[in-house]
Amino acid sequence: MTLSKRLLIFVPYAWLLALFLVPFFIVVKIALSDYAISIPPYTPTFDLSAGWAGFVDFLSKLDLENFVFLAEDDLYWKTFLSSLQIAVIATLLTLLVGFPFAYAIAQAPSEWRPSLVLLVILPFWTSFLIRVYALIGILSNEGFLNQFLMWTGLISEPLAILNTDIAVYIGIVYAYLPFMVLPIYATLDKLDGSLLEAAQDLGCTRFQAFWSVTIHLAKPGVIAGCFLVFIPTLGEFVIPSLLGGARTLMIGKVLWEEFFSNRDWPVASAVAVILLLILIVPIVLFQRSEQRLREQNQ
Amino acid sequence: MRKTSWFNVVSLTTGFAFLYIPIIILVIFSFNKSKLVTVWAGFSTKWYGELLSNEAFLDAAWVTLRVGLWSSTIATVLGTMAALVMVRGGRFFGRTLFTGMIYAPLVMPEVITGLSLLLLFIAIGLDRGATTIVLAHATFSMCYVSVVVSSRLSTFDQSLEEAALDLGCTAFDAFKSVTLPIIAPAVASGWLLAFTLSLDDLVIASFTAGPSSTTLPIKIYSSVRLGVSPEINALSSIIIGLVTIGVLTASIASKRAIRRQQIEERRAIG
């Protein structure tokens, strides 16, 4: 291996080790430490000058107390369960809105399709925070949705949407829609129209043909889209914080509050470790399904 | 033969209306005369004027811009290096860990990334400020850059590089005169992605910022918690306008560049 190649590997490797892997171990360490009124607000802190004996002493002071605390407190169980529930329901809602949208783009005349795709990607580039902020003006009591609904006469009193879980669902669908539409579109775009015709020639009704050809072939895109929405939603902070109410429980929000409001770093770290453990399952499943897809394509 | 059905037209209209109406309303009401953000009282640009004389926002904008430029440039260099390692690196000790560390930050919740970096900075005694935000942003956006660049690297013909090497180029020369021009559009869009990610980030910046280094998203977040304000609408409209122009220009430019390359490649073969 030449020197320049070693350097090429070493620089990004060292950067990621120092700023991604090491910080993660620090989180685990602090999750096993105790809360203390000091700066930084946890003990024990690791002292390099104490040598090996200091290291052993340091290890012996670590315990699972914070995890026991999380397991015994109702609030955290509810938070984890409600985050999972919100993420699952929001993912399904995004699929419900995203699939017809992606399908319609794939069916559009071919000279329009690149521009339509660009229009779907564009909001993804625009600030996430600003887009969530834009929804506040729509969903608030005197917001445009209520103004519109009262104008049509459907309701006489404004609906309380902002600061409820419903606003969180709308926010997630709105913010993550491009992540659902693009992978589904990518599979539908490759769909060969003659397959549908063949199915109909062989006696399928239009609906049967749609179900057994289009839906079946779009499955990899649907799966990818669902994971791309579900995984970031689980740890989401901005949406529940700005659109949700005081009763909206999501892990990201609780972690933030433990850290910034309660200044309980050990508990915040323990919440982070559990969130990561929960996320490992969908991430591994996602990678497996991508892997299978790659093998099929080869 | 694809037909336009009513169902598809309705899906398209609803989809795009849902994506764009909130943004359009936000932009329209940034020109509202009244302080109320939901009642139209006539056209005015006074909120833009007020924004430009608001020192706190200007400071935050300056911090955000500096952080964005530094972090995206570092991320582009590191991310391109990482992409070269992943696509051309061959086997080396710890390759699996390396690939894992490239992909993991993409799915890592921002709250965890932010918390872990903050704990690191405190553990090593680094004062929080613009520098720590740059380090944090460069770390997660280098992974995005490397994914963008490696997808371009893996599709182009490696024999071009080998030919340059056979003709006596050093590895670095071959990279500079053959590989770099080919992957340049991907590197540029990686840079743009890193820049917009940094411009947009609230969570990681909140954890890693010091008291003197408030970025625009932090500023926006803290004032939004007090309610919607026309000043924030004006600021948001400026950001949306700039990002839209940037992305559209980049996408048109990269399409042109790819077409030119294809024509040149064809000419070279023919």
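Pairs from the list A:K5/B:K255; A:K253/B:K35; A:K190/A:K219; A:K29/A:K253; B:K176/B:K255 with a Cα-Cα gap above 20 Å: A:K5/B:K255; A:K253/B:K35; A:K29/A:K253; B:K176/B:K255. Given a 10 angstrom Cα cut-off, can you work out which residue in B:F98, B:F195, B:F16 is the most mobile in a GNM of chain B? Per the Cα network of chain B with a 10 Å cutoff, B:F16 tops the list. Candidate cross-link partners of A:K61 among the aspartates and glutamates, defined by an alpha-carbon separation under 15 Å and a same-chain spacing of 8 or more, comprise A:D34, A:D47.
The alpha-carbon positions of chain A define a convex hull whose volume is 232 Å³ per residue.
Counting only protein heavy atoms and a 1.4 Å probe, tell me what percentage of the stretch A:72-297's accessible area is made up of carbon and sulfur. For the stretch A:72-297, the apolar C and S fraction of the accessible surface comes to 64 percent.
Please compute how much accessible surface disappears when A pairs with B, both sides summed, using a 1.4 Å probe, and round it to the nearest 100 Å².
Values: alone 18680 and 16930 Å², together 28420 Å².
Protein heavy atoms only, the A-B interface buries about 7200 Å².
Counting only heavy atoms of the protein chains, get the accessible area per residue of chain A (1.4 Å probe) and round it to a whole Å² value. Kindly include the intermediate steps, with their values, before the conclusion.
Values: 15090 Å² over 298 residues.
Here the residues of chain A average 51 Å² of exposed surface.
Within chain B, the proportion of Cα pairs with more than 25 Å between them is 60 percent.
Viscosity 1.567 mPa s, temperature 4 °C: give me the Stokes-Einstein translational D for the stretch A:62-173 in µm²/s, with Rh taken as the Kirkwood radius over C-alpha pairs. Don't jump to the answer; show the numbers that get you there.
Values: Rh = 17.6 Å.
Estimated via Stokes-Einstein, D reaches 74 µm²/s.
Given R0 = 56 Å, the distance between the Cβ atoms of B:R260 and A:L154 translates into a calculated FRET efficiency of 0.55. Between 0 and 90 degrees, the angle of helix A:165-189 with respect to the longest Cα principal axis of chain A falls at about 60 degrees.
Roughly speaking, to the nearest percent, how much of the stretch B:53-269's 1.4 Å accessible area is carbon and sulfur? If you can, show how the numbers build up before the last one.
On the way: 6350 of 9980 Å².
Carbon and sulfur together cover 64 percent of it.
Does any residue of the stretch B:96-116 lose at least 30 Å² of accessible area with all protein chains in place compared with its chain alone, and if so which ones (probe 1.4 Å)? Those residues are B:L97, B:F98, B:M101, B:V107, B:M108, B:P109, B:V111, B:I112, B:L115, B:S116. A straight Cα-to-Cα reach below 20 Å connects B:K33 with the lysines B:K46, residues fewer than 8 places away in its own chain not being considered. Using a Gaussian network for chain B with springs between C-alpha atoms less than 10 Å apart, which of these wobbles most: B:G125, B:G114, B:G241? The residue with the greatest mean-square fluctuation here is B:G125. For the stretch A:84-99, the Karplus equation 6.51 cos²θ - 1.76 cosθ + 1.60, evaluated at θ = phi - 60°, returns couplings of 4, 4, 4, 5, 5, 5, 4, 5, 5, 4, 4, 5, 4, 7, x, 4 Hz by residue, with Gly and Pro reported as x.
Residues whose amide H falls under 5 Å from that of A:T164, counting only those 5 or more places apart or on a different chain, are A:G245, with hydrogens built in the peptide plane. As a ratio to 2.2 N^0.38 Å, the alpha-carbon radius of gyration for the stretch B:118-270 is 1.41.
Structural descriptor for chain A: relative contact order 25 percent, calculated from alpha carbon pairs under 8 angstrom and at least 6 residues apart. Per residue, the accessible area of chain B comes to 49 Å², computed with a 1.4 Å probe over protein heavy atoms only.
Remark on A:D34: its backbone amide H falls under 5 Å from those of A:T43, a criterion applied only to residues 5 or more positions apart or on other chains, H modelled at 1.01 Å from N. Extents of the protein assembly as shown, largest first, come to 79, 77, 54 Å (Cα atoms, principal axes, whole angstrom).
Rounded to the nearest 10 degrees, the inclination of helix B:180-200 to the longest alpha-carbon principal axis of chain B is 30 degrees.
Our compactness index for the stretch A:140-298, the C-alpha radius of gyration over the empirical 2.2 N^0.38 Å, is 1.43. Rounded to the nearest 10 degrees, the angle from helix B:6-29 to the longest Cα principal axis of chain B is 60 degrees.
The values are calculated or read from the model by the stated rules, or taken from the named source; none is laboratory data. Nothing here was measured: the structure is a model prediction, and the numbers come from that model. Cβ sites come from the backbone with ideal geometry, for glycine too, and all protein chains shown count toward neighbours. With ligands, DNA and RNA removed, areas are computed over all heavy atoms of the protein, side chains included. Shrake-Rupley method; radii C 1.70, N 1.55, O 1.52, S 1.80 Å.
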